[in-house]
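One structure is given here, and the rest of the page talks about it.
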Amino acid sequence: MKTCGFTIVRNAVKFNYPVIESIRSILPLVDRFYVSIGNSEDATRELIESISSDKIKILHSIWDDSLRKGGKVLADETNKVIDQIPADYEWLFYLQADEVIHENDLPEIQKGMEAYLTNPAVEGLLLHYNHFYGTYDYIGDSRTWYRYEVRIIRNDKRIRSFRDAQGFRKDGKKLHVKMLEASVYHYGWVKDPKIMAEKMNHFRKMYHSDDWVKKNYITPELFDFSEVDSVKRFESTHPEVMKERIARVEWKVNIDPGRKNFKLKDRFLYWVEKETGKRLFEYRNYTLI
């Protein structure tokens with residue numbers, strides 16, 4: 001079995017992405033790791049080159065910033081990488097630049113890839129998600145945050161990144177997938193508030209016009225992590241590769257996990273989920289088999 005990891009990244013230094021930790025977290029599982037570096041304003045290339053591994057293959061890409069409908073540029077960049085991965089790799093493991101895998105989950109993922117390798121009905125593998133928010137101490141626990149997503153796919157060029165690169169489609173249809181008991185640790189919302197505001201303003205340019213972005217510009221002083229609808233304290237451990245990054249945190253965020261900022265309907269749905277474990281009317285970006 002041959003597996004290739006891959007990611008896309010742009011301005012990793014400027015926006016403080018944990019891309020080094022992300023890549024390192026699955027290097028033990030993959031035979032090769034493709035990193036597509038977009039046109040950046042910082043030392044992103046030097047950052048990636050600092051990884052000491054002969055598994056890394058660096059690609060270069062110019063992002064089409066005119067593709068603003070639904071973040072389409074992110075899917076286009078993801079597909080560019082998929083198309084360059086040789087056919088002899090059977091599984092492709094996609095991680096976004098702010099996603100990390102816990103070392104404790106590597107055996108389960110390896111086991112799953114091996115178990116379903118010869119079953120063509122399984123087009124991808126589904127992972128659980130922990131969405132960290134504000135600091136490394138809290139995770140989002142409302143319907144705002146998706147619970148699962150496909151991150152491992154067959155090396156089938158008919159499988160394409162979907163919308164803004166959240167999931168995948170094969171010939172326009174949802175992938176048939178098996179769920180693994182392993183998680184993605186998503187750190188995209190853990191940043192110094194000033195950097196978070198700058199990242200949000202930049203990210204919105206992938207979805208909206210310049211006029212909209214200007215009208216809805218977020219100043220560093222106005223970004224407020226406490227406006228989240230619901231979080232809970234994270235009671236487990238972080239991946240080992242995140243240890244040094246977590247130790248460097250210098251900002252403080254005031255978040256009250258007991259405060260729930262819901263509309264009436266969402267409050268009811270939240271209560272149902274906590275009581276039953278079921279998320280009513282949940283959007284599924286895949287077909288579970």
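The values are calculated or read from the model by the stated rules, or taken from the named source; none is laboratory data. This one's a predicted model, so the numbers in the text were calculated from it and none came from an experiment. FYI the Cβ positions are ideal-geometry reconstructions off the backbone, even for glycines, and counts take in every protein chain you see.
In the set (1) at negative phi; (2) more than 15 Å from the chain's Cα centre (by Cα), the condition left unmet by I139 is number (2). Of the residues K14, K80, the single one that is within 20 Å of the chain's Cα centre (by Cα), part of a helix (DSSP H, G or I) and charged (D, E, K, R) is K80. Considering only residues that are surrounded by 13 or more Cβ atoms within 10 Å (Cβ to Cβ) and of a type in the set (G, A, S), look in segment 71-88 and name the one that is nearest to I8 (Cα to Cα). The qualifying residue nearest to I8 (Cα to Cα) is A75. When S61, S66 are checked against the criterion of being more than 15 Å from the chain's Cα centre (by Cα), without any contact (Cβ under 8 Å) to a residue 12 or more places away in the chain and over 28 Å from R248 (Cα atoms), S66 stands alone in meeting it. Among the residues making up segment 242-289, those that are of a type in the set (D, E) and either part of a helix (DSSP H, G or I) or without any contact (Cβ under 8 Å) to a residue 24 or more places away in the chain (or both) are E244, D266, E273, E275. What residue, among those in segment 18-59 that are assigned to a helix (DSSP H, G or I) and of a type in the set (A, V, I, L, M), is nearest to M113 (Cα to Cα)? Per the stated criteria, the residue is I26.
Looking at segment 216-237, can you tell me whether even one residue there is within 26 Å of V73 (Cα to Cα) and charged (D, E, K, R)? The answer is no, given that none of the residues of segment 216-237 is within 26 Å of V73 (Cα to Cα) and charged (D, E, K, R). Restricting S40, S52, S25 to those that are over 21 Å from R169 (Cβ atoms) and either exposed (fewer than 15 other Cβ atoms within 10 Å of the Cβ) or in contact with a Cys (Cβ under 8 Å, 6 or more places away or on another chain) (or both) reduces the list to S52.
Could you please find all residues in segment 103-112 being surrounded by 20 or more Cβ atoms within 10 Å (Cβ to Cβ) and within 17 Å of Y185 (Cβ to Cβ)?
Across segment 103-112, the qualifying residues are D105, I109.
Of the residues making up segment 166-204, those that are modelled with pLDDT of 90 or more, in contact with a strand residue (DSSP E or B) (Cβ under 9 Å, 6 or more places away or on another chain) and not in a strand (DSSP E or B) are D171, G172, L175, V190, M196, K199. Under the condition of being within 21 Å of S142 (Cα to Cα) and surrounded by 16 or more Cβ atoms within 10 Å (Cβ to Cβ), the residues counted in segment 217-259 number 10. Scanning segment 113-133 for residues that are over 17 Å from F168 (Cβ atoms), surrounded by 18 or more Cβ atoms within 10 Å (Cβ to Cβ) and not hydrophobic (A, V, I, L, M, F, W, C) turns up N130, H131, Y133.
Of I26, I20, I37, which residue is closer than 30 Å to S236 by Cα and either in contact with a helix residue (DSSP H, G or I) (Cβ under 7 Å, 6 or more places away or on another chain) or free of Cβ contacts under 8 Å to residues at least 60 places away in the same chain (or both)? Being closer than 30 Å to S236 by Cα and either in contact with a helix residue (DSSP H, G or I) (Cβ under 7 Å, 6 or more places away or on another chain) or free of Cβ contacts under 8 Å to residues at least 60 places away in the same chain (or both) holds for just one of I26, I20, I37, which is I20.
Between Y146, Y136, the distinction of being touching a helix residue (DSSP H, G or I) at 6+ places or on another chain (Cβ under 7 Å), surrounded by fewer than 20 Cβ atoms within 10 Å (Cβ to Cβ) and among the hydroxyl-bearing types (S, T, Y) belongs to Y136 only.
For T144, the test of being in contact (Cβ under 8 Å) with a residue 60 or more places away in the chain, of a type in the set (V, I, T) and under 27 Å from K265 (Cα atoms) is passed. Within segment 45-88, the set of residues being β-branched (V, I, T) and modelled with pLDDT under 95 comprises V73 only.
Restricted to segment 229-241, and to residues there that are in contact (Cβ under 8 Å) with a residue 60 or more places away in the chain and not β-branched (V, I, T), the residue that is farthest from E103 (Cα to Cα) is D229.
Working only within segment 124-136, note down all residues that are at pLDDT below 95 and not small (G, A, S). Within segment 124-136, T135 is the sole residue that qualifies.
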